[in-house]
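Here is the structure we will look at, set down as structure tokens.
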There are 2 protein chains.
Amino acid sequence: MAAVSRMGIFLGLDASALAEVLAAATLATAQAGEAYVCQGDPAHRFYLLVSGRVRLSQVTPEGQQVVMRFIAPGEEFGIVAILGRLPYPVTAEAVEPAVALAWSGEAFNRLILRHPQIGLNGMAMLAERVREFQDRLREAGTQRVERRVANGLLRLARQAGRSVAEGVLIDLPLSRQDLAEMTGTTLFTVSRTLAGWEERGIISSARKRVTLLQPHALVAVAEDLPEG
Amino acid sequence: MAAVSRMGIFLGLDASALAEVLAAATLATAQAGEAYVCQGDPAHRFYLLVSGRVRLSQVTPEGQQVVMRFIAPGEEFGIVAILGRLPYPVTAEAVEPAVALAWSGEAFNRLILRHPQIGLNGMAMLAERVREFQDRLREAGTQRVERRVANGLLRLARQAGRSVAEGVLIDLPLSRQDLAEMTGTTLFTVSRTLAGWEERGIISSARKRVTLLQPHALVAVAEDLPEG
DNA sequence: GGCTGTCTTTGCGCTGGCGCAAGTTCGGGC
DNA sequence: GCCCGAACTTGCGCCAGCGCAAAGACAGCC
């Protein structure tokens, strides 16, 4: 309950409203690699992640995969469920053991109507999400690969970064492929780019693991500043 | 009032609620080329377009412009105003004479709390917006220029298409530059691409004006099908 | 009608980054 | 400890699309 009361979407609700929200929820756990929802399935449930990490990805009609974003605890996914029985546009898959709260679309609709604050918070959350996608779309259209990858890493660090002795560890199993699919390039190019940064001491990388050693240097790359 | 009651965000409100919503609104008109909101200004107003067309664009720190989308009557812009005094992330400029309803962020917050249906509708609207941006981001990451331009045109046709004798006219002053900034390419490449399609009889174009003569052929390009 | 500025076209050279193939390293299961 | 498959690296060839320059076409204004 304490955890739930701190989630953005339930900010400003009193204890009884929170209790009601929780009473309507079911708990859904997933192991690493297990999917919460699959692209194309009819959307009937809406989720809020409590712990773990979830990866949202889309597969193109040609079979190519694209990683839309990673979901951190406190964030929502499957919102499309509240607007009728459209199919989910993405697949949501746990990349490490995860726990989420789930509501049926109808139940969540009723909660919003009874507690308008949830609708207000939800709009704020989605507006923020729209802003993030706008930024990424702008990047995709105007920036070269190196800058996009730098921005992608910085975004992940902000979302899932953990301070460790050497710098900021991106606390996610993150393959070169994932990074390529997030930034619209190929795993080859990502590999070469990371290798270049590693040589310059900006990052340190291993299998499915990246640590930012000099975040400010990466920011310089992302902003296309002359060598710092 | 009739027009307002048909807007997605006010669906399901009764007459008295609609009257209340309208009473809180002010009318804002703009001439072609005039800006409703400017990127970077503190966001204090939220708009719903009644008539005309509005272009949302962003300027990168390097001064490069990007066109995020066009707003059609019934759609919202400036939503960021309801979440505190953040700066607007985009500039909203009328491309033809426009009329919009405007609310202050606080007033709209109060309306949502009094009429939760608005919050629900607003979430639906934003969820749809997120979906659109996800699609575009996927396209940006996986498709070649020609397909992206085809998809861009089709999206515009859906949003602002008008049936005319020869086909579907995109009813917007739309320069090559605009199209390039929407699809993440250059006006040169757009010009060449359109010229190619015109030669094949798929479209017909003039200054700031494009008409789809064979929409299905454009769909074939967008989906990368073999020649139809 | 002529002028001006904006929009558009077209040619040409160049390169970032893709695509593939082959090889290497690593982690986990038995 | 060994094996297997997944993840990663590296070299090489190639081309889609960018960048620029210069010229052409059109709309609106005086």
(request) Please give the helix B:105-114 orientation as an angle from the longest Cα principal axis of chain B, in degrees from 0 to 90, rounded to the nearest 10. (result) 70
(request) List the residue from chain A whose beta-carbon is nearest to the axis that rotates chain A onto chain B, together with that distance in whole Å. (result) A:Gly119, 1
(message) What do you get for GluC sites (Glu not before Pro) in segment A:130-228 restricted to DSSP loop and a cutoff of at most 13 other Cβ within 10 Å of the site's Cβ?
(response) A:Glu166, A:Glu223, A:Glu227
(request) Place +1 on the Cβ of every Lys and Arg and -1 on the Cβ of every Asp and Glu in segment B:74-228, take the dipole about the Cα centre, and give the residue among B:Ala140, B:Leu111, B:Leu213 whose Cα lies farthest towards its positive end. (result) B:Leu111
(message) Is the C-alpha gyration tensor of the protein assembly as shown telling us rounded, prolate or oblate? Criteria: a/c under 1.5 is rounded; beyond that, a/b larger than b/c is prolate, otherwise oblate.
(response) oblate
(request) With +1 on each Lys and Arg Cβ and -1 on each Asp and Glu Cβ, and nothing else charged, work out how big the dipole of chain A is about its Cα centre, in Debye to the nearest 20. (result) 40
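Please identify every one of the trypsin sites (Lys or Arg not before Pro) in segment B:103-180 that sits in a loop by DSSP and has no more than 12 other beta carbons within 10 Å of its own beta carbon.
B:Arg144
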(request) Would you tell me the mean number of C-beta atoms belonging to other protein chains that fall within 10 Å of each C-beta in B:53-64, as a whole number? (result) 2
(message) Give me the dipole magnitude in Debye, nearest 20, for segment B:25-153 about the Cα centre, with unit charges on the beta carbon: positive for Lys and Arg, negative for Asp and Glu.
(response) 280
(message) Give me the inter-chain shielding for B:142-155: mean count of other chain Cβ atoms within 10 Å, whole number please.
(response) 1
(request) List the distances, in nm to one decimal, from the label point of B:Ala15 to the label points of the same position in every other copy, shortest first, placing each label point 7 Å from Cα along the Cα-to-Cβ direction. (result) 4.5
(request) Assign one of three labels to segment A:52-172, namely rounded, prolate or oblate, based on the Cα gyration tensor with a ≥ b ≥ c the square roots of its eigenvalues; rounded applies when a/c is under 1.5, prolate when it is not and a/b is larger than b/c, and oblate otherwise. (result) prolate
(message) On C-alpha positions alone, give me the angle between the axis of helix A:116-142 and the longest principal axis of chain A, in degrees, nearest 10.
(response) 20
(request) Mind checking A:83-94 for the average number of partner chain beta-carbons within 10 Å of each residue's beta-carbon? (result) 2
(message) Under a crude label model (7 Å from the Cα following the beta-carbon direction), how far is B:Glu20 from B:Thr186 in nanometres?
(response) 5.6
(request) Calculate how steeply helix B:145-160 sits against the longest principal axis of the alpha-carbon atoms of chain B, using the helix alpha-carbon long axis, and give the answer as 0 to 90 degrees to the nearest 10. (result) 50
(request) Using Cα centres only, tell me the gap between segment A:152-215 and segment B:158-182 in whole Å. (result) 41
(message) Counting other C-beta atoms within 10 Å, and keeping those with at most 16, which DSSP coil GluC sites (Glu not before Pro) do you find in segment B:1-98?
(response) B:Glu34, B:Glu62
(request) Could you grab the relative contact order for chain B? Cα pairs under 8 Å, six or more apart, rounded to a whole percent. (result) 18
(request) Only Lys, Arg, Asp and Glu count, each charged at its Cβ (+1, +1, -1, -1), so figure out the dipole size of segment B:144-222 about its Cα centre, rounded to 20 debye. (result) 120
(request) Shortest first and in nm with one decimal, please list how far the A:Gly40 label point sits from its counterparts in the other copies (point 7 Å along Cα→Cβ). (result) 4.7
(message) What does the copy distance list look like for A:Gly63, label position 7 Å along Cα→Cβ, in nm and ordered from shortest?
(response) 4.7
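Read-outs: derived from the displayed coordinates by stated rules, not from any lab. Computed from a predicted model, the values in this text were never measured in an experiment. Quick reminder, even Gly has a Cβ in these numbers, built from the backbone with ideal geometry, and neighbours come from all protein chains shown.
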